[in-house]
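Peer 1: So that we are looking at the same thing, I have put the structure below in C-alpha cells.
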Amino acid sequence: MRRLRNCREYTAIPIFRSATHFAKSMTQMPDDFTISQLSKAVQADDLERVRAMLQSRPDLVNMDAGDREHQVLHYAVYKRSPEMVRLLMQHGADARKGLWPIREATTAIAFALERGYDELAQIIHDEESTRGHGSRSQDAWPVAMAEAAQLNSAGRAAGAGWNV
C-alpha cells in the first residue's frame, strides 16, 4: 500500500467510494425502475412491463428519456403503437411537451398529426379530454385534423416523404 502525501488524499478516496456505493444501493431497489428501463420497454412495445413500471414509478412517464428531451410518449408515437400511446396517456403523459429548441413543432401530438397518424392523434385527444384539459379549444380539434390531412396529402403528392 502506498503512502499518500496528505490527509485529504487519504480520506477523500474511501468517503467517495462509500458515498457512491450507498447511492447505487439506494437506487437499485428491486421494484425501482429507471427512465432508461422504461424507455427500452416502450421501444420494445412491452405493454405489461411498462404498466408494471408505471404502477411502481408513475413519475417516470413525463421524464426526459434521452439527451434530446424525448419522452417515452415520443417513442410510442414513432413506433405507431396505439396501445402504448393509450397506456402512457392514461398514466398522465404530456403530449404537448416538445423538444428543444422548437418545442411546439416537436410535441408528440404534432408528430402524430404531421405524419398522418390520425389514430394516435385521436387517442391523445380523447385521453386529454377525459383529463379536462385537452386542446386549447374543443372546436379547434376538427380544424387541426383537417389541416394535418391537407398537409399530409400535399406532402405525399409532392414526394416529400412525410410518412415514415
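Peer 1: Could you tell me whether residue 68 is surrounded by 15 or more Cβ atoms within 10 Å (Cβ to Cβ) and basic (Lys, Arg)?
Peer 2: Considered against the rule, which asks whether it is surrounded by 15 or more Cβ atoms within 10 Å (Cβ to Cβ) and basic (Lys, Arg), residue 68 comes out as no.
Peer 1: So, one more: So the check is Cβ under 8 Å with 6+ separation or different chains; which pairs have a first residue in the range 57-75 that's over 14 Å from residue 108 (Cα atoms) and a second one that's aromatic (Phe, Trp, Tyr)?
Peer 2: Listed pairs, sorted by first residue: 57/33; 60/33.
Peer 1: Step by step: first the residues of the range 78-106, then only those that are in contact (Cβ under 8 Å) with a residue 40 or more places away in the chain and closer than 15 Å to residue 53 by Cβ, then the one that is surrounded by the most Cβ atoms within 10 Å (Cβ to Cβ). Which residue is that?
Peer 2: 88
Peer 1: Of the residues in the range 76-128, how many are farther than 16 Å from residue 61 by Cβ, polar (S, T, N, Q) and under 16 Å from the mean Cα position of the chain (by Cα)?
Peer 2: Final tally of qualifying residues: 1.
Laboratory data are not the source of any read-out in this text; all were calculated from the coordinates shown. Just so it is clear, the model here is predicted, and its values are computed rather than measured. Quick reminder, even Gly has a Cβ in these numbers, built from the backbone with ideal geometry, and neighbours come from all protein chains shown.
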